[in-house]
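Only one structure is covered here, and it is reproduced in the block below.
The values are calculated or read from the model by the stated rules, or taken from the named source; none is laboratory data. The model shown is predicted, which means the values in this text are computed figures rather than measured ones. Positions of Cβ are generated from backbone atoms using ideal geometry, with glycine treated the same way; all protein chains shown enter the neighbour counts.
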Amino acid sequence: MESLLLASFVAAFVLATVHVFAGRLRRLNRLPRSRWLSMAGGVSVAYVFVHLLPELARGQAVMEGSDIWVLSYLEHHVYLLALLGLASFYGLERLIKEHRRHLPEHAESHAGVFWLHIAAFAIYNGLIGYLLIQGENSSLTTLVLYCVAMGLHFLVNDFALQNDHKGLFRRRGRWFLAAMPLAGWTLGLATEISELAVSALTAFVGGSIILNVLKEELPEERDSRFSAFLLGSVGYSVLLLSFQGN
């Protein structure tokens, strides 16, 4: 148990370093979109569909047995929470893109818009760090698979946020986001939540991941690499399924 706890801390530290050092990989931040970022997005989506969605199915059974009237009222509550995560970040993305449309190409975002965006991703990163301990990572294997998928996802998010906020993100935002997986891990160490709450958080994070990956892959101007995205998603799916079979 202690070794798994230590491994989860190492995983939180690794996730934190992604935001610290991602800016040095400037060759990835170009058009047409780097095939490495497309592959990273494919890995993240594969993790959601092959690992998290089955967890959501189990979480649905937990919620259906709940005595909480709000949850018993909703027929597919866990999937609605995933939809809420997706819709929340979609609405935020539309706000940011509308804001950028009225700014010169290389101008930094206004402070209020910037901190709203960063605050949303800070909570998101904190939840991902929290689930390192409180989630379904009951073995070193599942913990490593989670860390790899979320680390690559953070890399995709980092370049998206740099494109949105320019130097303001590099100077301030990335440090704040880097601290949040460790903050979430610490909170997870200090508190314990019910299986119902874990299912709810997992659902919200899963829906958010899907939106945050696809919003970077789908726009035509990104000129994304479908072959790299497919390789990442298929390859990581095979890896996940091989470990699930053991």
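Side notes on the structure shown:
- Filter result for residue 146 (hydroxyl-bearing (Ser, Thr, Tyr), within 12 Å of the chain's Cα centre (by Cα) and at pLDDT below 95): yes
- Flag set for residue 192, criterion: in a loop (DSSP other than H, G, I, E, B) and of a type in the set (Asp, Glu).
- In the range 39-58, the residues that are crowded, with 20+ Cβ neighbours inside 10 Å form Cβ pairs under 6 Å with partners that are of a type in the set (D, E, K, R) and assigned to a helix (DSSP H, G or I), at six or more places apart or across chains, as follows: 41/217.
- Residues within the range 3-50 that are within 15 Å of residue 150 (Cα to Cα) and of a type outside the set (A, V, I, L, M, F, W, C), tallied: 8
- Criterion violated by residue 204 - all others in (1) closer than 12 Å to residue 41 by Cα; (2) modelled with pLDDT of 80 or more satisfied: (1)
- Checking 173, 206, 235, 188 one by one, the residue that is under 21 Å from residue 116 (Cβ atoms) and among the small types (Gly, Ala, Ser) is 173 and no other.
- Residues of the range 93-127 that turn out to be of a type outside the set (Phe, Trp, Tyr) and under 15 Å from the mean Cα position of the chain (by Cα), as a count: 10
- Residue identified as of a type outside the set (S, T, N, Q), in a helix (DSSP H, G or I) and more than 24 Å from residue 54 (Cα to Cα) among 152, 161: 161
- Checklist (1) buried (at least 18 other Cβ atoms within 10 Å of the Cβ); (2) over 18 Å from residue 224 (Cβ atoms); (3) among the aliphatic types (A, V, I, L, M) applied to residue 10, failing item: (1)
- Residue match in the range 26-39 (condition: closer than 24 Å to residue 173 by Cβ, of a type in the set (A, V, I, L, M, F, W, C) and modelled with pLDDT of 80 or more): yes
- Residue in the range 179-192 that is closer than 25 Å to residue 25 by Cα and of a type in the set (Ser, Thr, Tyr) present: no
- Condition met for residue 232 (modelled with pLDDT of 90 or more, within 17 Å of residue 134 (Cα to Cα) and not hydrophobic (A, V, I, L, M, F, W, C)): no
- Residue pairs whose Cβ atoms lie under 9 Å apart, sitting 6 or more positions apart in sequence or on different chains, and linking a residue in the range 163-175 that is surrounded by fewer than 19 Cβ atoms within 10 Å (Cβ to Cβ) to a partner that is hydroxyl-bearing (Ser, Thr, Tyr) and modelled with pLDDT of 90 or more, do not occur here.
- Within the range 48-87, if we keep just the residues that are among the charged types (D, E, K, R) and assigned to a helix (DSSP H, G or I), the residue that is modelled with the highest pLDDT turns out to be 55.
- Looking at 177, 152, 187, just one residue is over 30 Å from residue 99 (Cβ atoms) and not aromatic (Phe, Trp, Tyr), and that residue is 187.
Yes/no matrix, rows are residues, columns are (1) assigned to a helix (DSSP H, G or I); (2) crowded, with 21+ Cβ neighbours inside 10 Å:
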site	(1), (2)
97	yes, no
104	no, no
108	no, no
122	yes, no
125	yes, yes
132	yes, yes
